[in-house]
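Below is one structure, written out as structure tokens, with a few remarks after it.
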Amino acid sequence: MHEHTIRLLINGIEYNPTLTSNITLLEYLRDELHFTGTKDGCKEGECGACTVVMNGEAVKSCLILAVQADGASIETVEGLAGTDGGLHPLQEAFMKLGAVQCGFCTPGMLITAKALLSHNASPNYEEIKTALSGNLCRCTGYVKIINAVAYAASIMDSTR
Amino acid sequence: MKPFDLVIAHNLYQLLEFIKENPSAFLVAGATDFIPFIQSGRWRTNLAIDITRVKELHFLKFSKSRVDIGTLTTLKELAISRQLQTSLPILQEAAASMADPLIRTRATIGGNLCTASPASDCLPPLMVLDAEVSMISINGERRISIRDFILAPGKNALMPGEILSSIRCSVPKNGSGMGFLKLGLRRAMAVAVVNAAALVVLENGFIQESRLALGAVAPTPVRCYKSEEYMKGKNISEADLSVAAGLIQDVIQPIDDVRSSAGYRRWSSEILARRVLEQSLMRAREKQNA
């Protein structure tokens, strides 16, 4: 009862760790797998730097016990770029539109945006703002981040 | 996080048997309160049971006269439900105002009720709707009013061996309108400074019934019966909503805390009370004219 062996699909690769119940998904990703792209900003679900996609939905990984994610498919920021190294349109957009300053919130923003666009291919500004309302940024003032998401949406939409 | 044993429940019977044998086990669903509170030491446990896979507890059912909400229904499911927006808009609006979309994907209504925060956004709507909660154990079911379920800050009416299984709301009759408002320090990820919900039922230009509930201004969310009494039976044009709102002052006991002061809460709750009554009346008249 203290330890569980679980199955996780992370960025398309299967893992079968044995974990104690008091480890969050965030801790597992960073400390065990060294996927340090996902950030630990607050440990209490207030900042969104820990956002990952789980079973198609953006969630805060610091608020999930790793054991609860048994059987889930997880996408982290490490999985955004293509296997050929080509950047995801969201990553291109963030760079092009100056939506990155210190970069700490960026993985969370990218992942939340990716999840948004997978459900809503052409969100308006209000929808982008609502979708990102769980991700804090202390540097940019959000405007360029929202613009970048809208821009990425338009690129991705036009290549459909 | 301090270590604890965790068991995974796969069905309702297994869950009820387990908590009968282990009444002190903590039920974990979305974990959006559980993890922060265990980490901060506010909650302590050696044993927890994950109930997210108990499908019998996860439903959102609509009939002509009522809505039945399983305890595992997520805030997101409530927030995006068009049917809920039509039949119980204040509950849909409250759910949509909570936390943020990432947390709403995981957090459950049952968890919110069982945490029993005085500032819960779902509670004033449920109180105004006179919701009933069902608590079950291996021995059977108990049903009580939502008002009797929330006992004190952080304290609910569950007995050892019981779980909150569902919430039932009657759909208000024709001629009704409802309103919900939340005042927070920002538009997302904000615990309410004050929240308010109201319902009015109109008939032939008269207020047949009126209900008003306020949250974050007392140890538990409160119904404002004096305001309700004042409104009842009055012609719409006679009902002075400022007077109705003023009558909340006897019932609220706001405090100073990290988010706000007692004085500000006392002042702003009266304004929110008036506004949700206005909203309710306006929506009731819109429906009548429709």
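The values are calculated or read from the model by the stated rules, or taken from the named source; none is laboratory data. Bear in mind that the values here come from a model prediction, so they are computed numbers and not experimental data. Cβ atoms come from the backbone with ideal geometry, glycine included; neighbour counts cover every protein chain shown. Note: areas computed on protein heavy atoms with side chains; ligands, DNA, RNA excluded. Shrake-Rupley method; radii C 1.70, N 1.55, O 1.52, S 1.80 Å.
Just want the answer: with Cβ charges of +1 for Lys and Arg and -1 for Asp and Glu, which residue in A:G86, A:C62, A:V100 is farthest toward the dipole's positive end in the range A:48-130? Of the options given, the answer is A:V100. With all protein chains kept in place, the per residue accessible area of the range B:1-140 amounts to 40 square angstrom at a probe of 1.4 angstrom.
Projected onto their three principal axes, the Cα atoms of the range A:78-155 cover extents of 33, 28, 19 Å, largest first. The Cys residues in chain A with no partner Cys Cβ within less than 4.7 Å of their Cβ are A:C102, A:C139.
Each part reduced to its alpha carbon centroid, the range B:40-57 and the range A:1-80 end up 18 Å apart. With the helix formula -39500 (n - 2.57) applied to DSSP H stretches of n ≥ 4, the protein assembly as shown reaches a computed 222 nm mean residue ellipticity of -9000 deg cm²/dmol. Here the range B:1-113 is treated with +1 on each Lys and Arg Cβ and -1 on each Asp and Glu Cβ, and its dipole about the Cα centre works out to around 220 debye.
What shape does the range A:85-126 have by the C-alpha gyration tensor, where a ≥ b ≥ c are the square roots of the eigenvalues, rounded means a/c under 1.5, and otherwise prolate means a/b greater than b/c and oblate the rest? Note, shape of the range A:85-126 comes out prolate. Using only the Cα atoms of the range B:1-86, build the gyration tensor, take square roots of its eigenvalues as a ≥ b ≥ c, and label the shape rounded, prolate or oblate: rounded if a/c is under 1.5, else prolate if a/b is larger than b/c, else oblate. Note, shape of the range B:1-86 comes out oblate.
Among the trypsin sites (Lys or Arg not before Pro) in the range B:179-275, those located in a DSSP loop and surrounded by at most 13 other Cβ atoms within 10 Å of their own Cβ are B:R186, B:R187. Given a 1.4 Å probe and the protein chains as shown, B:D240 ends up with an accessible area of around 70 Å². With contacts taken as Cα pairs under 8 Å at a separation of at least 6 residues, the range B:16-153 carries a relative contact order of 20 percent. Within the range B:64-147, the proportion of Cα pairs with more than 18 Å between them is 40 percent.
Within the shell of other residues whose beta carbon sits under 11 angstrom from the beta carbon of B:F37, the net charge comes to 0, with Lys and Arg scored +1 and Asp and Glu -1. Over chain B, the reciprocal of the mean inverse Cα-Cα separation, the Kirkwood hydrodynamic radius, stands at 19.5 Å. For A:D40, the accessible surface of its heavy atoms amounts to roughly 50 Å² (probe 1.4 Å, protein chains only, rounded to the nearest 10). For the chain pair A and B, the interface hides roughly 2500 square angstrom of accessible area in total, found with a 1.4 Å probe.
For chain B, the relative contact order works out to 16 percent when only alpha carbon pairs closer than 8 Å and six or more residues apart are counted. Mean silhouette area of chain A, derived from the convex hull of its C-alpha atoms and averaged over all directions, reads 9.2 nm². May I ask for the percentage of alpha-carbon pairs in the protein assembly as shown that lie more than 38 Å from each other? Of all Cα-Cα pairs in the protein assembly as shown, 28 percent lie more than 38 Å apart.
The listed peptides B:124-130, A:131-137, B:267-273, ordered by packing as a protection proxy, come out as B:124-130, A:131-137, B:267-273 (highest mean of other Cβ atoms within 10 Å first). What residues of the range B:48-64 lie in the reach of a label at B:R82, counting those whose backbone N is under 18 Å from a point 7 Å from the Cα along Cα→Cβ? Under 18 Å, as judged by backbone N against the label point of B:R82, lie B:60-64 of the range B:48-64.
Across peptide B:33-39, the mean count of Cβ atoms from other chains lying within 10 Å of each residue's own Cβ comes to 4. Each residue of the range B:177-192 is assigned a 3J(HN,Hα), and the resulting list reads x, 9, x, 9, 9, 10, 10, x, 6, 7, 8, 8, 6, 10, 6, 4 Hz, derived from the Karplus form 6.51 cos²θ - 1.76 cosθ + 1.60 (θ = phi - 60°), x at Gly and Pro.
Our coupling estimate for the range B:36-41, obtained by passing each phi through the Karplus curve with A = 6.51, B = -1.76, C = 1.60 and θ = phi - 60°, is x, 6, 5, 5, 7, x Hz, Gly and Pro reported as x. Ordered by solvent-accessible area of protein heavy atoms (1.4 Å probe), largest first, the residues A:R138, B:R283, B:R42 come out as A:R138, B:R42, B:R283. For B:N139 and B:L60, the difference between the fully extended length at 0.36 nm per residue and the C-alpha to C-alpha distance is 26.0 nm. Modelled spin labels at A:N55 and A:R7, positioned 7 Å past Cα toward Cβ, are 1.5 nm from each other.
The mean count of C-beta atoms from other chains within 10 Å of the C-beta of residues in A:62-71, rounded to a whole number, is 5.
Label separation (B:Q288 vs A:N124): 3.2 nm, computed from points 7 Å beyond Cα along the C-beta direction. Peptide A:41-47 has a mean shielding of 4, counted as Cβ atoms of other protein chains within 10 Å of each residue's Cβ. If you sort the three axes of the alpha carbon gyration tensor as a ≥ b ≥ c, you get a/c of 1.5 or more for the range B:145-280 and a/b no higher than b/c, which makes it oblate. The mean sequence separation of alpha-carbon pairs under 8 Å and at least six residues apart, normalised by the residue count of the range B:79-138, gives a relative contact order of 29 percent. For the range B:223-286, the normalised intensity computed at q = 0.11, 0.21, 0.22, 0.26 Å⁻¹ comes to -0.28, -0.83, -0.89, -1.11 (log10 of I(q)/I(0), Debye sum over alpha carbons, equal scatterers, no solvent). Surface listing: B:V201, B:V243 arranged by accessible area from highest to lowest gives B:V243, B:V201, probe 1.4 Å. Surface composition of the protein assembly as shown: carbon and sulfur atoms hold 51% of the protein heavy-atom accessible area at a 1.4 Å probe.
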